[in-house]
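*Asks:* Right, I'll just put the structure down here and ask away after.
Nothing in this text is a laboratory measurement; each read-out follows from the coordinates by a stated rule. In this text the structure is predicted, and so the values were computed from the model without any measurement. Backbone-built Cβ (ideal geometry, glycine too); neighbour counts: all protein chains shown.
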Amino acid sequence: MNILVCFKYIYNDEEVYVGSDGTPDVGSASWVVSPYDLNATEAAMKLAAAVGDSNVYMMTVAGDVLDNSKAKKSALSRGPAAMYAVKAPNALELDNLAVASLLKGAVEKVEDVDLVICGEGSGDMYSQQLGNMLGGMLGWPTLNVVSELKYEDGKVMAVRSDAGRTETFAINGKAVISVTSDISRPRIPSMKEIMGAGKKPVTIWSADEIGGLASVTNVASVKAPPKTERKRQVFHEADEAEFEEFCKLLKSSI
Amino acid sequence: MLKNVLVFSLSGTELISRANAVAENTVLVTAAGALTGADTVYTYPAESSVALQLKAIADVAAELQPELVLCEATASGRLVAGYLAALLKTNSLPDVQTLEITDAGLESTRMVYGGSFVKAESVPYPAVAIVGGGVLLGDENLKAGETKELSGTVEGLELVSVSESGVSMGNLAGAKRVVCVGRGLGSADNLPLVDELAGLLDAEIGCTRPAAEEENWYPKNRYIGISGVMLKSKMYLGLGVSGQMQHMIGTRSCGSIFAVNKLEGAAIVDEADYTLVGNVNTALPAIIEKLK
């Protein structure tokens, strides 16, 4: 079975600051693989091991970060055998329609892809839409919020959990699956795995080569919202009067 | 006035009411027995899954050619939204906080970067939006239309079993008061005390993402924050909640924020009106005594 994990390079959100004009300041932010995509990668590795005789590949649409060897290693040091990428200089400005259409084109260039696995959403935009759109474009069976993937009696079984309802599907053929972050814990790669990842093959196509659809979304602004001012009063349990006062305030809220 | 609007919703009349207000013709896709109110209502069997109906819903959309698709902000709504956006060659606007339906298209805002920023964006028609409760509030405006049945299947996808947890969904999003459990509660042994306190405060119980996903203290639909429930309650009390941004974003619209935390330096202290610094194991029963 050939499993493709779609992932996104994002700016490390701990290094994205609010700029003086209220817009995101990414000037000193480093690139990371979006955290939820690491859960998807580990889920793919586990499924591949359960199925046996399987391959796991990574796939992304990204810009100049593709020239960054550390970023390459962080994508490939957790097990997958190779990476496919569509290089688009303005990748982070593309909307999901454009990205999904590039991924569709790229998926169709890779031979015999059985499953496409996506994280639940990206760590920056968190739209939770890309896998669903890609499934629609490919016309493949599409599932989201999958919290468990297993292999039973020659079939991939996917458990989809939506609020209080749990649905178990048997997948016989191709599918696009978006998994939740609790499906697996990402593995911590060893130094050997990180070194080895640098030698794994990477195939890069240009966005022009793939074609794809143009973005339709006009972004008017991205700005920090005004902060709600809070009273920030502190009471100590050890101080009886303070404890009393806290409870009184709590009671008055009823 | 728009010509055709398609709505996917399993509960609540907000989306269909707004669709009826802005469009000549409305189509609702829902599970059997869930909702009515559009010119045409397509229902799929309640024991089926929306994942099996995607191609059938896409067929409905292909024939209708809606300018606008509105989907509820649930996992199923997001699945339908993305799938139909691909068909309509548009970009779905996910989990909007505000939505303007204009002559030219949709204008929306939503939170990005874990709630640190708000993104304002617009798309021309045809357009798809994922809309949570409270965003399109307005007068109820329902039509008595005809009902048709969808019985979709998807080749290669078989629904083997369905189970309902039976766990009460509660109404966190609409609750007046909320007690929220974080991992700092320490132990599941304290959960009965949380129930008791919530009872005394007439509050719904919510939790943080780790309390749901890592400790499994509560079902996942109870977690508050960027990827969970956004509160509008008058009062919020966090028990052992550290105050991470992704969580606190869900409390931004709350009235008073109370917290019990062992660390005076915890992030929640800056985000709260009143913080009790103490040990939740001793403070919780003591607070319950005081409230009785």
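*Asks:* So what are the ³J(HN,Hα) numbers for the stretch B:275-280, from phi and the Karplus equation (6.51, -1.76, 1.60; θ = phi - 60°), rounded to whole Hz, Gly and Pro as x?
*Replies:* For the stretch B:275-280, the Karplus-derived couplings read 10, 9, 8, x, 8, 4 Hz, x marking Gly and Pro.
*Asks:* So what's the back-of-envelope 222 nm ellipticity for chain A, counting only DSSP H runs of four-plus at -39500 (n - 2.57) apiece and dividing by all residues, rounded to 500? Don't skip to the answer; put the middle values down first.
*Replies:* Details: 7 runs with 72 residues, N = 254.
For chain A, the value works out to -8500 deg cm²/dmol.
*Asks:* Taking θ = phi - 60°, what integer Hz values does the Karplus form 6.51 cos²θ - 1.76 cosθ + 1.60 yield along the stretch A:19-31, in sequence order, with x for Gly and Pro?
*Replies:* x, 5, 8, x, 8, x, 9, 10, x, 10, 7, 9, 7
*Asks:* Test of understanding: extend the Cα→C-beta vector of A:E108 to 7 Å, then name every residue of the stretch B:62-88 with backbone N under 17 Å from that spot.
*Replies:* B:86-88
*Asks:* Could I ask something else about it? Can you compute the FRET efficiency between A:E209 and A:A29 using 1/(1 + (r/R0)^6), with r the Cβ-Cβ distance and R0 = 35 Å? Round to the nearest 0.05. Display every interim value, and only then the final one.
*Replies:* Values: r = 29 Å, r/R0 = 0.82.
With a Förster radius of 35 Å, E is 0.75.
*Asks:* What whole-number distance in Å separates the alpha-carbon centres of the stretch A:59-85 and the stretch B:245-267?
*Replies:* Rounded to whole Å, the Cα centres lie 37 Å apart.
*Asks:* Using 0.36 nm per residue, how much length does the chain from B:E47 to B:E264 gain when fully extended, once their Cα-Cα distance is taken away?
*Replies:* On the way: separation 217, 0.36 × 217 = 78.12 nm, distance 5.00 nm.
Between B:E47 and B:E264, full extension yields an extra 73.1 nm.
*Asks:* Return, ordered by residue number, the residues of the stretch A:77-92 whose backbone nitrogen is under 18 Å from a label point located 7 Å along Cα→Cβ of A:D64.
*Replies:* A:86-92, by backbone N distance to the label point.
*Asks:* Considering only DSSP beta bridges where both residues belong to chain B, give the percentage that are antiparallel (nearest 5). Intermediate results must be reported in sequence, preceding the final value.
*Replies:* Values: 13 of 59 bridges.
The antiparallel fraction comes to roughly 20 percent.
*Asks:* Going Cα to Cα from B:K119, which aspartates and glutamates come in below 17 Å? Please leave out same-chain ones fewer than 8 positions away.
*Replies:* Within the straight-line limit of under 17 Å, B:K119 reaches these aspartates and glutamates: A:D13, A:D21, A:D25, A:E93, A:D95, A:D124, B:D95, B:E100, B:E107.
*Asks:* While we're looking at this one, here's another question. Report the extension gain between A:E93 and A:N172 in nm, rounded to one decimal, defined as 0.36 nm multiplied by the number of residues separating them, less their alpha carbon distance. Provide the component values of the computation, followed by the final result.
*Replies:* Numbers: separation 79, 0.36 × 79 = 28.44 nm, distance 3.58 nm.
Length difference between fully extended and current span is 24.9 nm.
*Asks:* Need one value for A:212-222: mean number of C-beta atoms belonging to other chains within 10 Å of its residues' C-beta atoms. Don't jump to the answer; show the numbers that get you there.
*Replies:* Values: counts 0, 4, 1, 2, 10, 13, 7, 4, 7, 6, 8.
That works out to 6 on average.
*Asks:* If you average the C-alpha positions of the stretch B:1-59 and of the stretch A:124-155 separately, how far apart do those two centres end up, in angstrom?
*Replies:* Using only Cα atoms to place each centre, the spacing works out to 23 Å.
*Asks:* Additional query: Enter the mean number of other protein chain beta carbons within 10 Å of the beta carbon of each residue in B:46-57, as an integer.
*Replies:* Details: counts 0, 0, 1, 7, 5, 13, 3, 0, 7, 4, 0, 0.
Neighbouring Cβ atoms belonging to other protein chains average 3 per residue here.
*Asks:* In which sequence would A:T23, A:T166 go, from the one with the fewest C-beta neighbours within 10 Å to the one with the most?
*Replies:* Working: A:T23 13, A:T166 16.
By the 10 Å Cβ count, ascending, the order reads A:T23, A:T166.
*Asks:* Then there is this: Go through the stretch A:88-94 residue by residue and turn each phi into a ³J(HN,Hα) via Karplus (6.51, -1.76, 1.60, θ = phi - 60°); whole Hz please, and just put x for glycine and proline.
*Replies:* Whole-Hz 3J(HN,Hα) from phi for the stretch A:88-94: 10, x, 9, 3, 6, 8, 6.
*Asks:* Considering only B:G250, B:G182, B:G278, give the residue with the highest GNM mean-square fluctuation for chain B, with springs between Cα atoms whenever their separation is below 10 Å.
*Replies:* Result for chain B, Cα springs under 10 Å: B:G278 fluctuates most.
*Asks:* Further question: Report the gain in length on full extension from A:E245 to A:V202: 0.36 nm times residue separation, minus Cα-Cα distance, nm rounded to one decimal.
*Replies:* On the way: separation 43, 0.36 × 43 = 15.48 nm, distance 6.29 nm.
So the extension gain works out to 9.2 nm.
*Asks:* Leaving out same-chain residues fewer than 8 places away, which aspartates and glutamates sit with a Cα under 18 Å from that of B:K234?
*Replies:* A:E229, B:D202, B:E204, B:E271, B:D273
*Asks:* How would you rank B:60-67, A:43-50, highest first, on the average number of other Cβ atoms within 10 Å across their residues? Can you show the working numbers first?
*Replies:* Values: B:60-67: 17.4, A:43-50: 20.6.
Top to bottom by mean Cβ count within 10 Å: A:43-50, B:60-67.
*Asks:* Which whole-number percent is the relative contact order of the stretch B:2-149 (Cα, under 8 Å, 6+ apart)?
*Replies:* Numbers: 331 pairs, mean separation 43.8, N = 148.
This gives 30 percent for the stretch B:2-149.
*Asks:* Report the calculated FRET efficiency for B:E100 and B:D195 (r = Cβ-Cβ distance, R0 = 60 Å), to the nearest 0.05. Show your work: numbers first, answer last.
*Replies:* Numbers: r = 42 Å, r/R0 = 0.70.
Using R0 = 60 Å, I get an efficiency of 0.90.
*Asks:* What's the longest bit of chain A with no exposed GluC sites (Glu not before Pro), using DSSP loop states and at most 13 other Cβ atoms within 10 Å as the test? Please list the in-between numbers first.
*Replies:* Details: sites that count: A:E111, A:E229.
Result, exposed sites excluded: A:112-228.
*Asks:* Another question, if that's okay. Nearest 0.05, what FRET efficiency do A:E193 and B:S253 give at R0 = 45 Å with Cβ-Cβ as r?
*Replies:* Values: r = 45 Å, r/R0 = 0.99.
Calculated transfer efficiency: 0.50.
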